[in-house]
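J.: Questions regarding the structure given below will be posed in turn.
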Amino acid sequence: MELEFEQAGDTLVAALHGELDHHSAADVRERIDMEIDRRGSRNLILSFGEMGFMDSAGIGVILGRYNKRKEAGGKLLLAGGSRSIRRILEMAGIYTILSHYETAEEAVEALVREAEQEAADGRKR
């Protein structure tokens, strides 16, 4: 499993390439968490555009990162993914708690819009 990281404001974008399974899950989890801590990222976007396979261990990685971002006051969004990856996420019920976007760029834009709306709402009070 190869990971590429990019920072967009207070959001870390982690692009996953390869297979997220029981062989790679612990390493992926550790590398993402270390990168979030190193960069001080509040939000996380997992981009599945180049991921070919995921099993239940991958679902565990997603749910664990979701819980950590929630505890830290941040958000986790999902982006991209093949039809089979999206089907796995749908069957696991992931889309009931997490938003999905076609691209990581769209996910970043959604977080920016949300932050702008929260700021505007705060000024109105």
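Please treat every number below as a calculation from the coordinates, not as lab data. Only a predicted model underlies this, so the values are computations on that prediction, with no experimental measurement involved. Here Cβ is always computed from backbone atoms with ideal geometry, including for glycine, and neighbour counts include all displayed protein chains.
J.: Work through the residues other than His23 whose Cβ is under 13 Å from its Cβ and net out their charges, Lys, Arg +1 and Asp, Glu -1.
T.: Net charge in that neighbourhood comes out at -3.
J.: Can you tell me the orientation of helix 104-124 relative to the chain, as the angle in degrees between its alpha-carbon axis and the longest Cα principal axis, to the nearest 10?
T.: Rounded to the nearest ten degrees, it is 30.
J.: Given the DSSP H assignment, sum -39500 (n - 2.57) over each helix run of at least 4 residues in the chain and divide by its residue total; what's the result at 222 nm in deg cm²/dmol, nearest 500?
T.: One gets -16000 deg cm²/dmol as the mean residue ellipticity at 222 nm.
J.: Semi-axes of the equivalent ellipsoid of region 1-90: what are they in whole Å, largest first, if each equals the square root of 5 times a C-alpha gyration tensor eigenvalue?
T.: They are 20, 13, 13 Å, listed largest first.
J.: Continuing with the same structure: How far is helix 56-71 tilted off the main Cα axis of the chain, in degrees rounded to 10, range 0 to 90?
T.: The helix 56-71 is inclined about 20 degrees to the chain.
J.: Let me ask you something else. Evaluate the charge dipole of the chain about its Cα centre and quote only its size in Debye, nearest 20, assuming +1 on the Cβ of each Lys and Arg and -1 on the Cβ of each Asp and Glu. All intermediate terms of the calculation are to be shown ahead of the outcome.
T.: Numbers: 17 positive and 23 negative charges, 119 e Å.
Charge dipole, the chain, about its Cα centre: 560 debye, nearest 20.
J.: Cα axis of helix 25-39 to longest principal axis of the chain: angle in degrees, 0 to 90, nearest 10?
T.: Roughly 30 degrees, rounded to the nearest 10.
J.: For the chain, what does the relative contact order come out to in percent, with C-alpha contacts under 8 Å and a separation of six or more? Mind dumping the intermediate values first?
T.: Working: 190 pairs, mean separation 29.1, N = 125.
Reported as a whole number, the value is 23 percent.
J.: Compute the FRET efficiency between Glu109 and Asp55 as 1/(1 + (r/R0)^6), taking r as their Cβ-Cβ distance and R0 = 25 Å, and round to the nearest 0.05.
T.: 0.25
J.: How long is region 47-125 along each principal axis, judged by its Cα atoms, biggest number first, in Å?
T.: Projected onto its principal axes, the Cα set of region 47-125 covers 46, 24, 17 Å.
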